[in-house]
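See below for the structure under consideration.
The values are calculated or read from the model by the stated rules, or taken from the named source; none is laboratory data. These numbers come from a predicted model, not from an experiment. Cβ: placed from backbone, ideal geometry, glycine included. Neighbour counts: every protein chain shown.
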């Protein structure tokens with residue numbers, strides 16, 4: 001698994017109007033998941049050790065964010081024949097096993113990941129209530145072990161966004177496994 005970092009993207013760009021599928025293969029609009037105060041979009045998967053390490057934090061943070069009016073959507077761009085652990089049926093199993101209570105969507109065509117310039121799993125994008133990118137960075141400062149986190153980064157960014165403050169000046173890239181591109 002190739003370790004890569006998310007790339008810098010300029011803040012302020014619009015949440016793309018894109019369709020993808022939920023795990024029942026129903027077509028959904030990404031924009032429809034927007035919360036009153038914003039939307040967190042996370043590219044992730046079931047097999048990457050970096051993604052696996054933050055899933056428990058992501059599930060916990062999503063609950064807090066929902067209370068702040070920010071919804072969460074996870075998107076799996078690794079629906080790839082070489083990675084059966086990332087199949088839609090495996091996603092359905094993980095939703096049950098991990099208690100994921102927000103949409104976990106399949107990007108089989110990988111067009112959504114490409115539209116976001118997503119590079120790795122995990123890769124996080126926080127949009128404000130105007131559907132503008134506010135934060136693109138890591139969840140915290142220690143991906144591997146939640147007990148060793150010394151600085152939260154996603155939650156303070158979300159709190160600042162809800163309070164109407166400017167985006168954090170420093171937004172550290174996430175690191176993770178490269179997206180398993182089909183081409």
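Let me spell it out: the conditions are (1) under 12 Å from residue 180 (Cβ atoms); (2) modelled with pLDDT under 95, and residue 113 meets all of them except one. Which number is the exception?
(2)
Among what's in the stretch 150-183 and is touching a helix residue (DSSP H, G or I) at 6+ places or on another chain (Cβ under 8 Å) and in a strand (DSSP E or B), pick the residue that is surrounded by the most Cβ atoms within 10 Å (Cβ to Cβ).
176
Could you check the stretch 58-88 and list, in sequence order, the residues that are over 15 Å from the mean Cα position of the chain (by Cα), part of a helix (DSSP H, G or I) and free of Cβ contacts under 8 Å to residues at least 12 places away in the same chain?
Across the stretch 58-88, the qualifying residues are 67, 84.
Between a residue in the stretch 106-118 that is on the phi > 0 side of the Ramachandran plot and in contact (Cβ under 8 Å) with a residue 60 or more places away in the chain and any residue that is buried (at least 21 other Cβ atoms within 10 Å of the Cβ) and outside any helix (DSSP H, G or I), which pairs come within a Cβ distance under 7 Å, given they are 6 or more apart or on different chains?
Pairs found: 110/77.
Can residue 141 be described as without any contact (Cβ under 8 Å) to a residue 60 or more places away in the chain, closer than 21 Å to residue 30 by Cα and exposed (fewer than 15 other Cβ atoms within 10 Å of the Cβ)?
Details: without any contact (Cβ under 8 Å) to a residue 60 or more places away in the chain: yes; closer than 21 Å to residue 30 by Cα: no; exposed (fewer than 15 other Cβ atoms within 10 Å of the Cβ): yes.
No: the conditions fail for residue 141.
Evaluate the following for residue 125: is it over 11 Å from the mean Cα position of the chain (by Cα), in a strand (DSSP E or B), crowded, with 18+ Cβ neighbours inside 10 Å and at pLDDT 95 or above? Break it down stepwise before answering.
Values: over 11 Å from the mean Cα position of the chain (by Cα): no; in a strand (DSSP E or B): yes; crowded, with 18+ Cβ neighbours inside 10 Å: yes; at pLDDT 95 or above: yes.
Criteria not met by residue 125.
Name the residues in the stretch 66-89 that are surrounded by 14 or more Cβ atoms within 10 Å (Cβ to Cβ) and out of contact with any strand residue (DSSP E or B) (no Cβ under 8 Å at 6 or more places or on another chain), would you?
Residues satisfying the conditions are 68, 80, 83, 87.
Of the residues 19, 92, 63, only one is farther than 14 Å from residue 123 by Cα and touching a strand residue (DSSP E or B) at 6+ places or on another chain (Cβ under 6 Å); which? Talk me through it step by step, then tell me what you get.
Details: 92 fails: touching a strand residue (DSSP E or B) at 6+ places or on another chain (Cβ under 6 Å); 63 fails: touching a strand residue (DSSP E or B) at 6+ places or on another chain (Cβ under 6 Å).
The conditions single out 19.
Checking residue 147 against (1) in a loop (DSSP other than H, G, I, E, B); (2) surrounded by fewer than 20 Cβ atoms within 10 Å (Cβ to Cβ), which single condition isn't satisfied?
Tallying (1) in a loop (DSSP other than H, G, I, E, B); (2) surrounded by fewer than 20 Cβ atoms within 10 Å (Cβ to Cβ), residue 147 fails exactly one: (1).
Free of Cβ contacts under 8 Å to residues at least 60 places away in the same chain and either farther than 15 Å from residue 95 by Cα or within 14 Å of the chain's Cα centre (by Cα) (or both): is that true of residue 55 in this structure? Give the steps one after another, and end with the answer.
Working: free of Cβ contacts under 8 Å to residues at least 60 places away in the same chain: yes; either farther than 15 Å from residue 95 by Cα or within 14 Å of the chain's Cα centre (by Cα) (or both): yes.
Criteria met by residue 55.
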